[in-house]
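Working notes, beginning with the structure itself.
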Amino acid sequence: ATKRGLDHTREHLSSISHELRTKFGEGILPQRLIDETLPDEKLVITSVRTPGEVAVIQENGGIVVWVDADQRERYRRILAAHRDRPTDEVSFEEFQRQEAAEMMPTKEGGGLNMSAVREAADATILNDFASKEEFIEYLQQYFEV
């Protein structure tokens, strides 16, 4: 978006990622990250949104973890983070609409299919922790880090 002189809005980012997936395949975004990572580096990819992305990650020895939380709590956390992203400045109803569109492949959702990502995940974690520190501690124990 920056290279194209576009604001980082949800619509612009969705359009660009859809364009890349159409031109190069569903797994292009994580594949580019994997290709650019040195062999001894560790890599964490967030916001996996298509089954093709899951496949690329798993084919390259990675694991996919679906992290979920109550929808209203996720919305509250986004607003509380104050990240100054235009994509975060929406009503709860719009947040729900956007999420629903991304769960199943639709034109409105940019062809994303997060329901399939959830089903293909290697592990599922419910993030209902009271603090970030509690969540990090749980993850460290869960992944034995």
_Against the conditions (1) out of contact with any His (no Cβ under 9 Å at 6 or more places or on another chain); (2) in contact (Cβ under 8 Å) with a residue 40 or more places away in the chain, where does L33 fall short? Just the number, please._
(2)
_Qualifying residue in the stretch 76-86 (condition: in a loop (DSSP other than H, G, I, E, B), at negative phi, in contact (Cβ under 8 Å) with a residue 24 or more places away in the chain and in contact with a helix residue (DSSP H, G or I) (Cβ under 7 Å, 6 or more places away or on another chain))_ = no
*Only one of (1) open to solvent by 30 Å² or more (accessible area, probe 1.4 Å); (2) within 28 Å of F92 (Cβ to Cβ) fails for T37. Which number is that?*
(2)
*Qualifying position, being open to solvent by 100 Å² or more (accessible area, probe 1.4 Å), among the polar types (S, T, N, Q) and under 25 Å from A1 (Cβ atoms), among T46, T50*: T46
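With respect to K23, is the statement that it is open to solvent by 70 Å² or more (accessible area, probe 1.4 Å), part of a helix (DSSP H, G or I) and among the charged types (D, E, K, R) true? It would help to see each step written out before you state the result.
On the way: open to solvent by 70 Å² or more (accessible area, probe 1.4 Å): yes; part of a helix (DSSP H, G or I): yes; among the charged types (D, E, K, R): yes.
For K23, the condition - open to solvent by 70 Å² or more (accessible area, probe 1.4 Å), part of a helix (DSSP H, G or I) and among the charged types (D, E, K, R) - is met.
In the set I63, I28, I78, I57, which member is among the β-branched types (V, I, T) and farther than 22 Å from A116 by Cα? Lay out the reasoning, then the answer.
On the way: I63 fails: farther than 22 Å from A116 by Cα; I28 fails: farther than 22 Å from A116 by Cα; I57 fails: farther than 22 Å from A116 by Cα.
Of the residues listed, the single one that is among the β-branched types (V, I, T) and farther than 22 Å from A116 by Cα is I78.
Which residues, counting only those in the stretch 53-64, are open to solvent by 50 Å² or more (accessible area, probe 1.4 Å), under 16 Å from T124 (Cα atoms) and not in a loop (DSSP other than H, G, I, E, B)?
Across the stretch 53-64, the qualifying residue is only Q58.
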*Kindly list the number of the only condition in (1) over 23 Å from A101 (Cβ atoms); (2) in contact with a helix residue (DSSP H, G or I) (Cβ under 8 Å, 6 or more places away or on another chain); (3) surrounded by 13 or more Cβ atoms within 10 Å (Cβ to Cβ) that fails for A69.*
(1)
*Answer from R118, R77, R85 - the residue that is modelled with pLDDT of 90 or more, out of contact with any Leu (no Cβ under 7 Å at 6 or more places or on another chain) and basic (K, R)*: R118
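The values are calculated or read from the model by the stated rules, or taken from the named source; none is laboratory data. Every value quoted in this text rests on a predicted model; they were computed, and no experiment measured them. Cβ sites come from the backbone with ideal geometry, for glycine too, and all protein chains shown count toward neighbours. Just so you know, the surface numbers come from the protein's heavy atoms only, side chains and all, with ligands and any DNA or RNA stripped out. Shrake-Rupley method; radii C 1.70, N 1.55, O 1.52, S 1.80 Å.
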